[in-house]
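What follows is one structure encoded as C-alpha cells, with my remarks underneath.
The values are calculated or read from the model by the stated rules, or taken from the named source; none is laboratory data. Please read these numbers as outputs of a predicted model, since none were measured by experiment. Heads up, the Cβs are rebuilt from the backbone with ideal geometry, glycines too, and the neighbour counts pull from every protein chain shown. The protein model used for the area step is the full one, side chains on, heavy atoms only, and it has no ligands, DNA or RNA in it. Shrake-Rupley method; radii C 1.70, N 1.55, O 1.52, S 1.80 Å.
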Amino acid sequence: ATAISLLIALGVRRDGQKVVLAIKNMGGESEAAWRAVLDDLTARGMARPELVVVDGGKGLEAALASLWDDMAVQRCTVHKERNLLAHAPKHLHDEIKAEFNDMMHAGNAEDVLGKRKAFLARWKLRCRAVADSLDEAGERLFAFLRYPPEQWRSLRTTNATRRLHEEFKRRIK
C-alpha cells in the first residue's frame, strides 16, 4: 500500500491528558466509516463528548449529526487556513495567513470576533472567495471561544491527530 486512510479519535480528559480512543483503517472518511468508529466507541462506553474538533470532512460531521443532534463542533483552524489559501492567488497568501493567524490567536473572544468581522469586510472586497470560505465554517470555527483561553491552543486544531497519523505512517514504512 502506498497510502492508508486512518480514522483517528483522540479524547482529552478534563485534566488535559490526551488519550487515543481509536485508530481504524476504514478505507476512507465516509459517513458510514465514521459512524462505525463512533458506534464502536459508544459500545465501549464512551459518553456523548462535550466538544468534537473536526478537520472539515463531511463524513465525520454527518456521522456526528446522525448520532448526536446539536453536537458542539470546532472546525480545525489549520485546515480552514489551507482552505482560505486554496481560494486565493499565491501573491495574497502571506497577507491572508498573517491576518488569519492574528485573528485566531487574539487574546480574548471580543478581539477574535472583532478581527473576524474586519477579515470578512476586507476580503469580501479583495478576494470574495476567501471571505466566503471563512463564512462557510460559520460558528464552528469559533466554538473554542466558549472555553477558557488556556484551552484554546488545543481546541483550535486537529494537530494532535495529524502528529499521531504522521508517526504511524513513519513507523509502517
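A few points about this structure:
- Within the range 117-132, residues that are in a helix (DSSP H, G or I) sit with their Cβ atoms under 8 Å from residues that are β-branched (Val, Ile, Thr), at 6+ positions apart or across chains, in these pairs: TRP123/ILE96; TRP123/VAL130; VAL130/ILE96.
- Within the range 69-84, the set of residues being over 16 Å from the mean Cα position of the chain (by Cα) and open to solvent by less than 30 Å² (accessible area, probe 1.4 Å) is empty.
- Filter result (open to solvent by 70 Å² or more (accessible area, probe 1.4 Å) and free of Cβ contacts under 8 Å to residues at least 24 places away in the same chain) within the range 9-19: ARG13, ARG14, ASP15, GLN17
- When each of ALA121, ALA109, ALA143 is tested for being farther than 28 Å from GLY16 by Cβ and not basic (Lys, Arg), the lone residue that passes is ALA121.
- If you go through the range 31-61 and pick out every residue that is under 21 Å from ARG82 (Cβ atoms) and among the small types (Gly, Ala, Ser), you end up with 3.
- Count - residues of the range 118-134 that are open to solvent by less than 70 Å² (accessible area, probe 1.4 Å) and closer than 16 Å to MET104 by Cβ: 8
- Of all residues in the range 20-57 being β-branched (Val, Ile, Thr) and open to solvent by 40 Å² or more (accessible area, probe 1.4 Å), the one that is nearest to ARG140 (Cα to Cα): VAL53
- All positions within the range 33-67 that are of a type in the set (A, V, I, L, M) and free of Cβ contacts under 8 Å to residues at least 24 places away in the same chain: ALA36, ALA43, ALA47, VAL52, ALA65
- Flag for ASP135 being without any contact (Cβ under 8 Å) to a residue 12 or more places away in the chain and farther than 29 Å from LYS24 by Cβ: no
- The single condition among (1) among the aliphatic types (A, V, I, L, M); (2) within 17 Å of GLY11 (Cα to Cα); (3) within 15 Å of the chain's Cα centre (by Cα) that VAL37 does not satisfy is (3).
- Sole exception among (1) open to solvent by 70 Å² or more (accessible area, probe 1.4 Å); (2) within 17 Å of GLU166 (Cα to Cα); (3) β-branched (Val, Ile, Thr) for ILE4, by number: (1)
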